[in-house]
Each structure stands twice: as C-alpha cells, then as structure tokens.
Amino acid sequence: MKKIAVLTGGGDCPGLNAVLRSLVLTLEGAGGPEVVGLCDAYHGLLEDPPRVMHLDGKTVDGILVEGGTILGTSNSGDPFSWNDGEDRGDFVLKRLKALGVGGLVSIGGDGSTAIAAELQQRGLPVICVPKTIDNDVHGTDVTFGFDSAVHCATEALDRLQTTGESHRRVMVLETMGRDAGWIALASGIAGGADVILLPEVPFSYDRVVAKILEERVRGLSYNLVVVAEGAAEEGKGPIYRDPKHRRLGGVGAVVARQIEQLAGIETRATILGHLQRGGSPSPGDRVLATTFGCAAAHCVLENRWDVLVGMNDSQVHYVPLDQVAGKVRMVPDDHPLMQTAQSLGICLG
Ligand code: F6P
C-alpha cells in the first residue's frame, strides 16, 4: 500500500493532534505509506475538488500539545445518510480510490466507528482509533480526551467548592458524557461531591435531598452535586435542549431548582459544556493518544486491518471491528469507581 488516509470524526477532544502526529511520525520513520488527511471528516472528501491535506513530519511538528484537530471534524456527516438521507458510501470509496488511498485510519467515537465498519463491509481496509471525552467506546477501557475532560470538571468543582462554602449553597455542576456517566463519576469522586447523578442510575429527589440535609446536619456548610447531562429522574427520560437532534442539556438547572425548593437551601447550577472538550490535552491523554497513533501505524505496517486499537489493563490490544461497532460502553453497576463512590457514602441517585 502506497498511501493511506486518516480522518478525525465526531465531536473533537484533546489528543486528536497527538494521534495524527504519532501516526505520521511512526509511518515516516519506518518508510511506510504516505498519509493524506481528510478535512472535516467526510465533508471535505465529498466536495469538488476534495479537500485533503498531505501529512508529513513537518506538518505535524508542534501539534502534540494543541487541542482540537488540524484536520477539522464534524459530528453531522454520516456518508451513508448524507443531507436528506442519501447513501454516499460508494462515492466515498470511489473518491478514496481516485486519490490512490488503499486504507483508512478513522479516529473517532462510536458513531465514526460504525461508519468505518460499514465502509469496511464495502471493501475498504480500516483501522479505528477510539477518541471521546465521553469514554464510552466499546472495546477499550479508556479513550483519550476523557482524562482532560475529567481534569476540567474537577477544577470546576474545586472552584465551585470555595464559592459554595462562602455562601453556604448547594452547587450543581452539569457535565457532558451523553448516555454514559464516566465524566460525572470520575470528576465527582475527584472533586469530593456529595451527590453524583448518572444516566445509568435513575435518581429520586427524595434520596438526593435526604443526602444533602444529612450532610448539613453533619456540619457541612456547602454541597457539591454533579449531574451528567444524560441523567434522568426515575420514571422520566433525559432532558434535551434540542430533541430533534438528540442534543442533551439542561438537567443541571432542573435539578438545582428542585433541590432549592425541596431542601430550602440556596442552590446554583453551572453547565460546564464545551469547556470540557477544548484546550491542550492532559499529559495522560498525550501519552495515550501517542500510544494509539503508534499502534495504528504498526497495524498499517503489519497489514493488520479491520480492527479497533484499544487499551485494557495498560496493554494495547486490537479488537475486530464487528465486535465493537454500534455498541456504547456505559458505567457498569459493579465498576470499581461505583464501589468507591458507594463506600464513601456518595449519593448515586
Ligand atoms: O460526544 C462528545 C460530546 O461532547 C457529548 O458529551 C455531548 O453530548 C456532545 O458531544 C455535544 O455535541 P455538540 O458539540 O454537537 O454540542
């Protein structure tokens, strides 16, 4: 194979550039195939003329520490359901062939992995590299971007603690994560939250308020409540700020209002939003992303295709794509972090 393509798909996260850098440097160092970057995921490829970027050691110089992605990305460009639902999958394959591309490295979350798996079904050799702040990709214990997001949410909690304490308030922080509660759980533990509400565990206001009042009786003058954007009250569904496109958001304000009413304690809500996705990757994410990029490059060099590069128990491993595509990794009840939270008496809903 003389040329491969690489793209970054879905919502961005810190560490994407680190993967691009290590993929390109490893392939270049080993005399491997040329690398062409597809701009804005599949959008650039489907334009006339296609928007692509030649990647070499020079182009990736210095990008390790940069957030975002030099290629651009999109979370609204499924080639199998383009614009009004048109299937442009075969056109993607044709375009890649015309560019002389023999295989694709897709750096993305569950949506991008499902698209890559479909392209693979239609004959394109692919390698997937899991990214997302949500940490919800099946087949890997961890995705890069997650650690940086947890740092951001934990710092926010530290700041909310001092102002909450001064005003004797309940401070509610809404985190991202879509249908999985990994960011809320990890940052809630790291930030010393009293209550952590996850999409995986439907919550009751009675239990939440009981925990807050219990802490006040114990002498705590403030409370920290972390709510994952996908968390929902028992018997109810999650709250969408844009139901048509299934964009979550707003549960933090609703929870804060209810707590204030039921507990009679002044309460404020903060939505952390895209701050969790921006900025420079944490050192941990730089290492993980760099490791994933090298592993993907070695797959190319060894002609090992149609896999997702994952990390379990600190070991890189390769999972066949058909075992991971279309699956989301939620927080299991018996996960060690859940047990830690329970042992600490944190209210999980
Ligand atoms: O999947 C990453 C993520 O940041 C989710 O946590 C969040 O629900 C979603 O993307 C937000 O997407 P957008 O950037 O389209 O608002």
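Tell me which residues, restricted to region 254-302, are of a type outside the set (D, E, K, R) and closer than 18 Å to Lys211 by Cβ. Let's see the steps before the verdict.
Restricting attention to region 254-302, the residues satisfying the condition of being of a type outside the set (D, E, K, R) are 254-256, 258-259, 261-265, 267, 269-276, 278-284, 287-301.
Hits for region 254-302 are Val254, Val255, Ala256, Gln258, Ile259, Gln261, Leu262, Ala263, Gly264, Ile265, Thr267, Ala269.
Conditions tested, residue by residue: (1) farther than 20 Å from Gly11 by Cβ; (2) without any contact (Cβ under 8 Å) to a residue 24 or more places away in the chain.
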site: Asn75; (1), (2): no, no
site: Glu86; (1), (2): yes, yes
site: Leu93; (1), (2): yes, no
site: Lys97; (1), (2): yes, yes
site: Gly103; (1), (2): yes, no
site: Ala114; (1), (2): no, no
site: Gln120; (1), (2): yes, no
site: Pro130; (1), (2): no, no
site: Asn135; (1), (2): no, no
Test: residue in region 138-150 that is more than 11 Å from the chain's Cα centre (by Cα) and in a strand (DSSP E or B): no
Failed criterion for Arg169 (all others in (1) within 14 Å of the ligand (Cβ to nearest atom); (2) over 16 Å from Leu272 (Cα atoms) hold): (1)
Tally of residues being more than 15 Å from Gly349 (Cα to Cα), away from the ligand (no atom under 16 Å from the Cβ) and surrounded by fewer than 16 Cβ atoms within 10 Å (Cβ to Cβ) across region 217-251: 5
Positions within region 320-339 being out of contact with any His (no Cβ under 6 Å at 6 or more places or on another chain), surrounded by 18 or more Cβ atoms within 10 Å (Cβ to Cβ) and closer than 30 Å to Lys2 by Cβ, in sequence order: Leu321, Ala325
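To keep it simple, each residue is scored yes or no on (1) crowded, with 22+ Cβ neighbours inside 10 Å; (2) away from the ligand (no atom under 16 Å from the Cβ).
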site: Glu266; (1), (2): no, yes
site: Gly278; (1), (2): no, no
site: Val287; (1), (2): no, yes
site: Thr290; (1), (2): no, yes
site: Gly293; (1), (2): yes, yes
site: His298; (1), (2): no, yes
site: Trp305; (1), (2): no, yes
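The rows are residues; the columns are (1) farther than 13 Å from Gly310 by Cβ; (2) away from the ligand (no atom under 14 Å from the Cβ).
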site	(1), (2)
Val105	yes, yes
Gly108	yes, no
Ala116	yes, yes
Gln121	yes, yes
Val129	no, yes
Ile133	yes, no
Val142	no, yes
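Just to confirm my filter: which strands (runs of 3 or more DSSP E) fall fully inside region 220-319 and include at least 2 residues that are in contact (Cβ under 8 Å) with a residue 24 or more places away in the chain? Working first, answer last.
Numbers: elements: 223-228, 240-242, 267-271, 307-312.
Filter on region 220-319 gives 223-228, 267-271, 307-312.
Name the residue that is surrounded by the most Cβ atoms within 10 Å (Cβ to Cβ), counting only residues in region 164-182 that are over 25 Å from the mean Cα position of the chain (by Cα) and assigned to a helix (DSSP H, G or I). It would help to see each step written out before you state the result.
Initial filter on region 164-182 (over 25 Å from the mean Cα position of the chain (by Cα)): 164-170.
The next check asks that each one be assigned to a helix (DSSP H, G or I); those that pass are 164-167.
Details: Gly164: 22, Glu165: 15, Ser166: 10, His167: 12.
Among them, the one singled out is Gly164.
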Residues that are at pLDDT 95 or above and of a type in the set (S, T, N, Q), drawn from region 314-341: Gln315, Gln339, Thr340
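Just to be sure I understand, how many residues within region 43-82 are within 16 Å of the ligand (Cβ to nearest atom) and assigned to a helix (DSSP H, G or I)? If you could, list the steps in order and put the result at the bottom.
Here is the first cut: in region 43-82, the residues within 16 Å of the ligand (Cβ to nearest atom) are 43, 67-69, 72-78.
From the residues that got through so far, the ones that are assigned to a helix (DSSP H, G or I) too are 43.
Residues in region 43-82 being within 16 Å of the ligand (Cβ to nearest atom) and assigned to a helix (DSSP H, G or I): 1 in total.
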Residues of region 14-38 satisfying the condition of being in contact with a helix residue (DSSP H, G or I) (Cβ under 8 Å, 6 or more places away or on another chain), farther than 14 Å from Thr290 by Cα and not β-branched (Val, Ile, Thr): Ala30, Gly32, Pro33, Gly37, Leu38
Looking only at region 85-137, and only at residues there that are in contact with a Ser or Thr (Cβ under 6 Å, 6 or more places away or on another chain) and in a loop (DSSP other than H, G, I, E, B), the one that is nearest to Glu302 (Cα to Cα): Gly109
Inter-residue pairs, beta-carbon under 6 Å, first touching a residue at least 24 places away in the same chain (Cβ under 8 Å) and not assigned by TED's automatic domain parsing to the domain that holds Arg207 and in region 337-349, second surrounded by fewer than 21 Cβ atoms within 10 Å (Cβ to Cβ) and aromatic (Phe, Trp, Tyr), 6+ apart: none
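For every residue, the table says whether it meets (1) in contact with a strand residue (DSSP E or B) (Cβ under 6 Å, 6 or more places away or on another chain); (2) more than 24 Å from Asp134 (Cα to Cα); (3) modelled with pLDDT under 95; (4) outside the structural domain of Thr290 (by TED's automatic domain parsing).
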residue	(1), (2), (3), (4)
Ala41	yes, no, no, no
Val52	yes, yes, no, no
Leu55	yes, yes, no, no
Ile63	no, no, no, no
Gly77	no, no, yes, no
Phe91	no, yes, no, no
Gly102	no, yes, no, no
Ala116	yes, no, no, no
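The values are calculated or read from the model by the stated rules, or taken from the named source; none is laboratory data. None of the values given here were measured: they were computed from a predicted structure. Glycine also receives a Cβ, built like all others from the backbone with ideal geometry; neighbour counts cover every protein chain displayed.
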